[in-house]
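S.K.: Sharing a structure with you now.
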Amino acid sequence: MFNHYNRDDLFSHARAAFIGMAVGDALGATVEFMTAPEIRAKYGVFKEITGGGWLRLKPGQVTDDTEMALCIARAIVRNQCWSLETIAGNFASWLKSRPVDCGDTCRKGIRSFMLNGTLEVPPNEWDAGNGAAMRLLPTALFSLPDEQLLKKYALEQAHITHNNVVSDAACICLGKMLHMALCGATKNQLRREVGGFVARFPTFEFEPYRGLATGYVVDTLQTVFHWFFKGSDFEECLVGTVNQGGDADTTGAICGMLAGAYYGMESIPRRWLKRMDKQVIAEIETLTEHLVSASPAGQAG
Ligand code: MG
Ligand code: MG
């Protein structure tokens with residue numbers, strides 16, 4: 001598949017995807033819910049991990065985006081297999097732990113699991129927030145490079161809280177791009193993949209870019225695609241993305257996983273890495289190693 005990174009490259013890019021996601025979350029959270037003009041007025045260009053924001057975070061602290069992805073990753077690694085019950089159970093324990101933030105649709109889905117054991121919420125045309133896409137990275141790592149497995153895992157975890165055709169389409173597209181980037185696809189190959197996706201789902205068209213970065217998954221992916229293809233390194237992609245404001249921790253997390261998968265560890269600015277919670281990064285490294293080792297690509301040796 002694609003340019004065939006060797007095994008070490010694959011593991012290193014997978015680590016960069018997961019750490020990149022946490023970095024994007026921690027970076028963007030400071031300006032979450034600000035508008036782009038508000039960010040410009042206050043910071044010029046916002047580009048440091050400082051904490052604060054509406055959640056009053058510590059510098060480098062991550063939010064629900066990273067925490068929910070960790071719930072999925074821990075469930076897979078602990079069970080050594082795919083177990084939706086364990087994932088939902090981890091979401092429930094996480095919600096009970098009074099997390100710093102949790103989206104309404106996620107909360108509703110997790111409550112429904114806690115009350116009735118529901119592992120799939122009913123289809124809902126309004127549940128097109130970005131809660132399912134923001135946390136799917138572990139499913140992309142564990143399914144590498146099998147597209148059918150990816151689809152199954154990505155959508156099953158999604159439907160615990162979000163059962164919506166637009167969210168589903170976003171999850172499948174993002175998962176596929178992560179697979180491609182992790183396997184060494186070029187930006188032109190990734191751009192062609194997104195082109196095909198936009199032809200099937202024109203609502204995701206991001207050229208010309210409309211500049212919206214709400215919690216709606218369509219706006220989220222448009223923002224991520226626009227800045228991922230415009231940027232020429234990890235920092236440019238991330239800075240462009242979070243300076244759009246809105247759901248900046250989530251656009252940051254998604255752009256961070258994609259840019260990390262594509263550019264690799266060396267591209268993540270050291271000054272950002274140094275700000276991150278050491279324990280979170282250490283756990284991410286261990287989980288990533290296990291997820292990729294247990295994937296079809298990892299098992300193939
Ligand atoms: Mg968040
Ligand atoms: Mg958010």
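S.K.: What whole-number value in Å² describes the accessible area per residue of region 100-197 for a 1.4 Å probe?
M.R.: With all protein chains present, region 100-197 gives 37 Å² per residue.
S.K.: Given the protein chains as shown and a 1.4 Å probe, how many square angstrom of residue 263 are accessible, to the nearest 10?
M.R.: Approximately 50 Å² for this residue.
S.K.: While we're here: Summing Lys, Arg as +1 and Asp, Glu as -1, what charge do residues with Cβ under 12 Å from the Cβ of residue 282 carry, residue 282 excluded?
M.R.: Taking every other residue near residue 282 into account, the sum is -2.
S.K.: Please sort 113-119, 286-292 by packing, taking for each peptide the average over its residues of neighbouring beta carbons within 10 angstrom, highest first.
M.R.: Averaged packing, sorted descending, gives the order 286-292, 113-119.
S.K.: Ignoring ligands, DNA and RNA, what percent of the accessible area of region 1-84 is carbon or sulfur (1.4 Å)?
M.R.: On region 1-84, the fraction of accessible area on carbon and sulfur atoms equals 51 percent.
S.K.: Could you work out [θ]222 nm for the chain from helices alone, using -39500 (n - 2.57) per DSSP H run of at least four and dividing by all its residues? Round to the nearest 500 deg cm²/dmol.
M.R.: So the calculated ellipticity at 222 nm is -20000 deg cm²/dmol.
S.K.: On average, how much accessible surface per residue is there in region 1-83, in Å², for a 1.4 Å probe, leaving out ligands, DNA and RNA?
M.R.: Accessible surface, normalised per residue, equals 43 Å².
S.K.: Report, by chain and number, residues whose modeled amide H sits under 5 Å from the one on residue 52, excluding near sequence neighbours (fewer than 5 apart, same chain).
M.R.: 57, 58
S.K.: I would also like to ask the following. Normalised by the residues of the chain, what does the relative contact order come to in percent, with Cα pairs under 8 Å and at least six apart?
M.R.: Value for the chain: 33 percent.
S.K.: If a/c stays under 1.5 just call it rounded; otherwise compare a/b with b/c (prolate if a/b is bigger, oblate if not). Do that for region 139-276, with a ≥ b ≥ c from the square roots of the Cα gyration tensor eigenvalues.
M.R.: rounded
S.K.: Take the Cα pairs of region 7-300, get the Kirkwood Rh, then feed it into Stokes-Einstein at 4 °C and 1.567 mPa s and tell me D in µm²/s.
M.R.: 70 µm²/s
S.K.: So, one more: Please report the relative contact order for region 5-118, taking Cα pairs under 8 Å with a sequence separation of at least 6, and give it as a percent rounded to a whole number.
M.R.: Relative contact order here is 20 percent.
S.K.: Hey, another quick one. If 152, 230 are ordered by their accessible area, calculated over protein heavy atoms with a 1.4 Å probe, which sequence runs from highest to lowest?
M.R.: 230, 152
S.K.: Quick one: dipole size for the chain, taken about the Cα centre, charges +1 on Lys/Arg Cβ and -1 on Asp/Glu Cβ, in debye to the nearest 20.
M.R.: It comes to approximately 400 debye.
S.K.: Just to make sure I understand: if all protein chains stay in place, what is the order of 13, 226 by accessible area at 1.4 Å, largest first?
M.R.: Sorted by accessible area, descending: 226, 13.
S.K.: Which order do the peptides 216-225, 83-92, 96-105, 171-180 come out in when sorted by mean C-beta neighbours inside 10 angstrom, highest first?
M.R.: By packing density, highest mean first, the sequence is 216-225, 171-180, 83-92, 96-105.
S.K.: Take the residue pairs 47/278; 96/176; 96/278; 151/278; 42/230; 42/274 and return only those whose Cα atoms are more than 27 Å apart.
M.R.: 96/176; 151/278, as the Cα separations exceed 27 Å there.
The values are calculated or read from the model by the stated rules, or taken from the named source; none is laboratory data. All values derive from a computational prediction rather than experimental measurement. Virtual Cβ from ideal backbone geometry, glycine too; neighbours counted across all protein chains shown. Note: areas computed on protein heavy atoms with side chains; ligands, DNA, RNA excluded. Shrake-Rupley method; radii C 1.70, N 1.55, O 1.52, S 1.80 Å.
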